[in-house]
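The structure appears right after this line, and notes come after that.
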Amino acid sequence: MSAQIWVLGGTGRSGRAIAEQLAQRGLPAVLVGRDANRLHTAAEQSAAETLLAPSLAAAASEIRRQRPGVVINTVGPFTETAPAVVDACRDVRCHYIDLANDVAALSAVFDMHDAATRVGHTLVTGAGFGVTATESVVVKLCEGRPAPLRVRVDMVPSLAMEEGTVGEALIGTLLGGLEGHRITEGRLTRAQMFGDAVRLTLPDGSQVTTASMPLGELLAAQRASGARHVLSASSEAPSSFVIRAMMPAVSTLMRSERLRSFTVRRLARVRVKARERSRDHSWGHATIIWADGETREGWLRLGDAQEYTGAVPAEIAKRLLAGEGSPGAYTPAALFGSALAESCGGEYLLPRPVRR
Ligand SMILES: NC(=O)c1ccc[n+]([C@@H]2O[C@H](COP(=O)([O-])OP(=O)(O)OC[C@H]3O[C@@H](n4cnc5c(N)ncnc54)[C@H](OP(=O)(O)O)[C@@H]3O)[C@@H](O)[C@H]2O)c1
C-alpha cells in the first residue's frame, strides 16, 4: 500500500489544520484542491505536496489512478461528497477518513460497513472535534460496564476564527442537519431542536448552557454505549425560546432543495471577523445512567477545537498506514478506543460515580 495521505479540501480550515498535524507526525500530506493559487498558499504552511483536481469527480479519478494509502475527505456536505470518494477508495483498497458531523452522513458511511469489510479497507467517519470528543468520553465511562439506560453528551467547542468567508462546505453541513432528533427506546425519533437546555459547570468552574443539537454525536454515543435513550447537545445551540419556536418552520423551509442551495450560497459569502477563542479549553462531556441508578459523568479537556479536528484525522491516518485499523466502517473511538483522544492532546477528568 502507498504511504501517501491525501487531504481533499486541502485549502480549507480543516484541511490546513490536518496537514499541519500530519507534518508534526512526520507524515507529509498531498493537499488536493480546485484552485492552484489557494493550494500553493496552503501547501507552503505545512511543506505539503499539491494535486490540482477541478472537481471531486476529478479527485476520485486521481484516487483510482494514483492509489494513495489514505484519503481524508474534508469537503462537506458529506452526504453529497462521501459516496463517490468512498467508491474510489474501495476500488483501490485505500483507507477513508471524513469529518462528517450529521446523522445522515454518518449513517450513510455505516451502511458501507459490509462492503468495506469484504474489500478489506477501513472507513472512519466523524473524525472531527464534535463526534470524537463526546464519543471518547462515552467509551471511557462504559469500559467494562454493561449497556447503560441513558446517555447525554454535550460538546463545548472553543475555537479561534480567522477572518474570511464561512464557505459552502460548512454552511451546507449546518443547514443539512437542522432536523431535531434523539434516540428513544433504541430508535432514532424526531425531537425538538435546541430543547433540553442544561446549565453545566465546567471543571474549571465556569458555566455554559448546552441545548439539544442532534449531530453525528448522537449516533456515535448510541453505538459506543448501547443505551436505549440518548441525547446530544451543544453549547453552540441557541437556547432562547424565540429561536426554538422558529426552528420547525426553518427546517421545513430548508427541505426545499432550491431554497437551501440559495441560502447556502448567500450565507457562504458572508464575511466573518477574526475571533479569539471564547474560553481556554474545549470540552467533551457525557452523563451516563445505568438501570441500577449508578450515574457517571466525565469530561475530556482539549485546547482549540479546530486544532483537535486537525489532530484526530492525522493520528488516525498514521495508525491506518501502520496497519492498526480493522476493515469496516467506524467512528474514531469505536475503532481505536478512548486512548485515541489522549494521543491527540485530550485529558480525561472523571469525577467519582454516584448512585441515585
Ligand atoms: N466533525 C466535526 O467536528 C467538524 C469540525 C470541523 C469541520 N467539520 C466539517 O468539515 C467540513 C469542512 O469544514 P471547514 O471549516 O474546513 O470548511 P472550509 O474552510 O470552507 O473548507 C472547505 C474545503 O472544501 C473545498 N470545497 C468546497 N466545495 C467543494 C467542491 N464542490 N469541490 C471540491 N472542493 C470543494 C474548499 O475548496 P476551495 O478552496 O476551492 O473553495 C475547501 O478546501 C464542513 O462540512 C464541516 O462541517 C466537521
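The values are calculated or read from the model by the stated rules, or taken from the named source; none is laboratory data. All values reported here derive from a predicted model rather than from experimental measurement. Every residue, glycine as well, gets a Cβ built from its backbone with ideal geometry; the counts of neighbours run over all protein chains shown. Remember, those area values only see protein heavy atoms, side chains included, never the ligands or the DNA or RNA. Shrake-Rupley method; radii C 1.70, N 1.55, O 1.52, S 1.80 Å.
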Using a Förster distance of 35 Å, the FRET efficiency for Arg118-Ser61 (Cβ separation, nearest 0.05): 0.90
Could you work out the Rg to Rh ratio of the chain, with Rh taken as the Kirkwood radius (inverse of the mean 1/r over all Cα pairs)? 0.95
For the chain, whose charge dipole is built from +1 on Lys and Arg Cβ atoms and -1 on Asp and Glu Cβ atoms, the candidate among Gly298, Ser46, Leu22 with its Cα farthest towards the positive end is Gly298
Based on DSSP H runs of at least 4 residues, each adding -39500 (n - 2.57), what is the mean residue ellipticity at 222 nm of the chain after dividing by all its residues, to the nearest 500 deg cm²/dmol? -12500 deg cm²/dmol
Using packing as a proxy for protection, rank 110-116, 156-162 so that the peptide with the highest average count of other Cβ atoms within 10 Å comes first. 156-162, 110-116
At R0 = 35 Å, how high is the FRET efficiency between Thr189 and Arg25 if r is their beta carbon distance? Nearest 0.05 is fine. 0.30
Quick check: pseudo-label points 7 Å beyond the Cα along Cα→Cβ at Thr252 and His40, how many nm apart are they? 5.1
For a paramagnetic label modelled at 7 Å from the Cα of Thr201 toward its Cβ, which residues of region 313-356 fall within the zone defined by backbone nitrogen distances under 15 Å? 351-352
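As an exercise, use a Förster radius of 56 Å and the Cβ-Cβ distance of Glu143 and Leu259 to find the FRET efficiency, rounded to the nearest 0.05.
After rounding, the FRET efficiency stands at 0.80.
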Ranked packing of 262-270, 25-33, most packed first, by mean Cβ within 10 Å: 25-33, 262-270
Answer in debye to the nearest 20: the dipole magnitude of region 1-129 about its Cα centre, from +1 Lys/Arg and -1 Asp/Glu charges placed on Cβ, is 280
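When a/c reaches 1.5 or more, the comparison of a/b and b/c decides; with that in mind, is region 274-339 rounded, prolate or oblate per its Cα gyration tensor? Walk me through the numbers on the way to the answer.
On the way: a/c = 3.25, a/b = 1.07, b/c = 3.03.
It is oblate, given that a/c is not under 1.5 and a/b is not larger than b/c.
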Output the antiparallel fraction of DSSP beta bridges having both residues in the chain, as a percent to the nearest 5. 55
With label points set 7 Å from each Cα along the Cα-to-Cβ direction at Leu350 and Lys273, the distance between them in nm comes to 4.3
Which of the cysteines in the chain are isolated, no other cysteine C-beta under 4.7 Å? Cys142, Cys344
Simple spin-label estimate for Asp91 and Arg266 in nanometres, 7 Å along Cα-Cβ: 3.9
Determine the dipole magnitude for the chain: charges of +1 sit on the beta-carbon of Lys and Arg, -1 on that of Asp and Glu, nothing else is charged, the reference point is the Cα centre, and the result goes in debye to the nearest 20. 620
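What does the charge count near Ala322 come to, summing +1 for each Lys or Arg and -1 for each Asp or Glu among other residues with Cβ under 13 Å from its Cβ?
Numbers: positive: Arg25, Lys318, Arg319; negative: Glu315, Glu324.
Computed value for this residue: +1.
Among residues other than Lys273 whose Cβ falls under 11 Å from its Cβ, what is the net charge (Lys/Arg +1, Asp/Glu -1)?
On the way: positive: Arg271, Arg275; negative: Glu162, Glu163, Glu276.
Neighbourhood net charge equals -1.
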With DNA, RNA and ligands ignored, accessible area of Arg199 (1.4 Å probe; Å², nearest 10): 140
